[in-house]
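Enquirer: Before I ask anything, let me first share the structure, which is written out below as structure tokens.
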Amino acid sequence: MKLEVRYRDAVVGVLNDDIGQMLFQYDDRFLRLGTELSPFYLPLQSGVIELKGPFEGGLPGLFADSLPDYWGRAIMDRRLREAGIDPARVSVLKRLALVGDGGLGALGYHPAESEDAYEIGSLKAAVDFSRQVLEIAGEKLPGSKIIQQAGSNPGGRYPKLCVGWNPAEKRLAIGSQSLPEEFIPCLLKLDLGEAMPQGKAEVCRQEAALLDQARAAGIRTPRHWLLEGKDDEGHSYAHLLIERFDRREGTRIHMHSFSGVAHKLPVRYGASYEELLRVVSALTRDHREVEGMFRRMVFNILCGNRDDHVRNHAFLMEAPNQWQLSPAYDLTPTPELKEHALGVNGKWSGIAKSDLAQVGKLFSIKNADEIIDQCASVC
Ligand SMILES: Nc1ncnc2c1ncn2[C@@H]1O[C@H](COP(=O)(O)OP(=O)(O)O)[C@@H](O)[C@H]1O
Ligand SMILES: [Mg+2]
């Protein structure tokens with residue numbers, strides 16, 4: 001199978017697994033543009049590249065970042081089974097074709113097997129769809145093709161859909177591609193009560209609260225709205241809408257996770273904040289961004305967000321070769337986890353303020369003590 005990779009309107013190159021090896025070749029015109037989409041592990045180079053990345057199918061992080069994980073994958077696998085295809089035998093290129101132009105970030109895969117459509121939907125339709133995905137295994141997938149696609153593109157573990165949100169009219173448009181102008185592109189993280197993975201019924205409310213605390217601690221966070229109410233059976237719910245930062249005025253923004261850009265797998269003791277800070281420094285070449293990441297590290301440690309793994313940190317490239325940290329996301333208190341996913345000063349648990357200060361010193365953060373005090377005051 002051959003897949004053309006596009007970055008907005010430009011052809012980046014072609015992925016090809018026809019001879020049983022994963023190959024990629026940059027397009028000559030893209031090489032001349034000089035835009036590095038993944039400077040460390042897939043730098044611009046001419047000729048055919050044999051890919052031996054650590055991700056599924058040998059993909060490098062640039063393309064692996066486009067694939068859904070737990071939640072989206074569960075939906076994608078059911079879409080495949082319904083089409084009579086065994087998900088276990090499907091190639092990663094077929095999966096990327098299913099993502100097509102509907103993925104997060106700015107990359108598209110062609111010929112795309114995604115639809116550029118949306119439907120004005122109700123919260124109830126979104127909840128019913130997600131509930132059935134979680135509760136009914138192996139049956140026919142509920143919902144329209146559009147809602148299925150809106151659910152299968154985003155990553156992460158919890159139920160969510162790509163939507164547009166019209167705050168003035170409080171209306172939802174469900175879809176992952178072009179939305180009408182008055183709708184803000186958002187991720188809708190759904191509260192399904194007891195049906196939530198790991199029984200985390202309060203996770204949306206907790207995430208909204210932690211986003212507010214993070215903002216108070218000087219951390220950049222996306223706009224968000226908590227949709228609260230009662231369902232037909234009288235159970236109260238709180239869904240979380242988060243503005244997408246990989247979209248700006250109809251333009252797709254390139255997004256690369258720490259995992260993807262630095263080829264870090266989500267494994268225990270697999271990465272540290274020091275490594276992340278080094279990547280921030282190398283990619284952004286901006287000490288303010290290093291300080292911003294230090295602040296997030298301090299916040300995550302002091303507020304107990306231990307689910308701070310390699311896919312929960314990302315970078316955006318809005319202008320060619322100009323990188324910055326994405327706003328912070330997936331901030332949730334996780335007391336059930338014993339260790340942080342990223343280490344600090346050689347520790348994954350029992351991290352003290354002195355460890356944070358030590359990292360501050362290593363990265364020449366002048367106001368490290370002030371940042372620690374500020375985060376401590378909101379946590
Ligand atoms: N505001 C956002 N804009 C764009 N992409 C986002 C945003 N928030 C999260 N993402 C992307 O969606 C993925 C899943 O979201 P996340 O909040 O991490 O969900 P989960 O709690 O299920 O892990 C993230 O890994 C990130 O790639
Ligand atoms: Mg996540």
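Enquirer: Using Cα-only point scatterers and the Debye equation, what is log10 of I(q)/I(0) for the range 205-266 at each q in 0.13 Å⁻¹, rounded to two decimals?
Expert: Cα-only, vacuum Debye calculation for the range 205-266: -0.57.
Enquirer: Now a separate question. Given axes a ≥ b ≥ c from the Cα gyration tensor, I'd like to know whether the chain is rounded (a/c under 1.5), prolate (a/b larger than b/c) or oblate. Write down the numbers at each step before the final one.
Expert: Details: a/c = 1.62, a/b = 1.08, b/c = 1.51.
It is oblate, given that a/c is not under 1.5 and a/b is not larger than b/c.
Enquirer: Another question, if that's okay. Could you line up Asp65, Asp9, Asp101 from fewest to most neighbouring Cβ atoms inside 10 Å? It would help to have the intermediate numbers written out before the result.
Expert: Working: Asp65 24, Asp9 6, Asp101 19.
Result, fewest neighbours first: Asp9, Asp101, Asp65.
Enquirer: Additional query: Pick out, from Val261, Gly343, Gln177, the residue whose Cα sits farthest towards the positive end of the charge dipole of the chain, with +1 on the Cβ of Lys and Arg and -1 on the Cβ of Asp and Glu.
Expert: My answer, from the dipole projection, is Gly343.
Enquirer: Now, a different point. For Val11, Val298, what ranking results if the residue with the fewest other Cβ atoms within 10 Å of its Cβ goes first? Please report the intermediate quantities before stating the final value.
Expert: Values: Val11 15, Val298 29.
Arranged by neighbour count, lowest to highest, Val11, Val298 become Val11, Val298.
Enquirer: Still on this structure, please answer the following. If the only charges are +1 at each Lys and Arg Cβ and -1 at each Asp and Glu Cβ, what is the size of the charge dipole of the chain around the Cα centre, to the nearest 20 debye? Don't skip to the answer; put the middle values down first.
Expert: Values: 46 positive and 52 negative charges, 112 e Å.
For this selection, approximately 540 debye.
Enquirer: Next question, about the same structure. I want to make sure I understand the PRE zone here: with the label point 7 angstrom from the Cα of Val90 toward its beta carbon, which residues in the range 141-182 have backbone N atoms less than 17 Å away?
Expert: Only 141-156 fall inside the zone, counting backbone N under 17 Å.
Enquirer: Could I ask something else about it? If the rule is a partner Cβ under 4.7 Å, which cysteines in the chain fail it?
Expert: Cys162, Cys186, Cys204, Cys375
Enquirer: Ratio to report: Rg/Rh of the range 2-110, with Cα atoms as the point set and Rh obtained by the Kirkwood method; give two decimals.
Expert: On the way: Rg = 13.9 Å, Rh = 14.4 Å.
Using only Cα positions, Rg/Rh for the range 2-110 is 0.97.
Enquirer: Follow-up question, since we're still on this one. Assuming 0.36 nm per residue, please report the length gained on full extension of the stretch Ser377 to Glu181 beyond their Cα-Cα distance.
Expert: 66.6 nm
Enquirer: Next question. Taking 0.36 nm per residue of separation and subtracting the Cα-Cα distance, what length does fully extending Lys52 through Lys361 add? Before the final figure, lay out each step's value.
Expert: Numbers: separation 309, 0.36 × 309 = 111.24 nm, distance 3.64 nm.
Gain on extension, Lys52 to Lys361, equals 107.6 nm.
Enquirer: Another question, then. Going through the range 149-184, which GluC sites (Glu not before Pro) have at most 11 other Cβ atoms within 10 Å and a DSSP loop state? Walk me through the numbers on the way to the answer.
Expert: Working: sites: Glu169, Glu181, Glu182; in loops: Glu169, Glu181, Glu182.
Here the GluC sites (Glu not before Pro) that fit, given the DSSP loop and packing criteria, are Glu169, Glu181.
Enquirer: Most exposed first by the Cβ proxy, i.e. fewest other Cβ within 10 Å, how do Ser114, Ser91, Ser152 rank? The partial results should precede the final answer.
Expert: Numbers: Ser114 21, Ser91 14, Ser152 28.
By the 10 Å Cβ count, ascending, the order reads Ser91, Ser114, Ser152.
Enquirer: Separate question: What does a probe at Asn321 reach in the range 44-66, counting residues whose amide N is under 13 Å from the point 7 Å along Cα→Cβ?
Expert: Residues 44 fall inside that zone.
Enquirer: Can you run the Rg to Rh ratio on the range 253-378? Use alpha carbon positions and the Kirkwood inverse-distance Rh. Don't jump to the answer; show the numbers that get you there.
Expert: Numbers: Rg = 13.7 Å, Rh = 14.6 Å.
Over the Cα atoms of the range 253-378, Rg/Rh equals 0.94.
Enquirer: Determine the alpha carbon to alpha carbon distance for each of Lys145/Lys230; Lys170/Lys264; Lys2/Lys160; Lys2/Lys264 and list only those over 32 Å. The partial results should precede the final answer.
Expert: Details: Lys145/Lys230 28 Å; Lys170/Lys264 39 Å; Lys2/Lys160 30 Å; Lys2/Lys264 26 Å.
From the list (Lys145/Lys230; Lys170/Lys264; Lys2/Lys160; Lys2/Lys264), the Cα-Cα distance tops 32 Å for Lys170/Lys264.
Enquirer: Write out the trypsin sites (Lys or Arg not before Pro) in the range 252-301 meeting two conditions: DSSP loop, and at most 14 other Cβ atoms within 10 Å of their Cβ. Show your work: numbers first, answer last.
Expert: Details: sites: Arg252, Lys264, Arg268, Arg278, Arg285, Arg288, Arg295, Arg296; in loops: Lys264, Arg268, Arg285.
Sparse-neighbourhood loop trypsin sites (Lys or Arg not before Pro): Arg268, Arg285.
Enquirer: A follow-up question, please. If you filter the range 243-320 for GluC sites (Glu not before Pro), then keep DSSP loop positions with at most 14 other Cβ within 10 Å, what is left?
Expert: Values: sites: Glu243, Glu249, Glu274, Glu275, Glu289, Glu291, Glu318; in loops: Glu249.
Those satisfying the criteria are Glu249.
Enquirer: What length, rounded to one decimal in nm, is gained on full extension from Ile136 through to Leu226, with 0.36 nm per residue of separation minus their alpha-carbon distance?
Expert: Numbers: separation 90, 0.36 × 90 = 32.40 nm, distance 2.68 nm.
Extra length available between Ile136 and Leu226 comes to 29.7 nm.
Read-outs throughout are calculated quantities, based only on the coordinates presented, and are distinct from any laboratory measurement. As the structure is a prediction and not an experimental result, all values here were calculated from the model. Cβ atoms come from the backbone with ideal geometry, glycine included; neighbour counts cover every protein chain shown.
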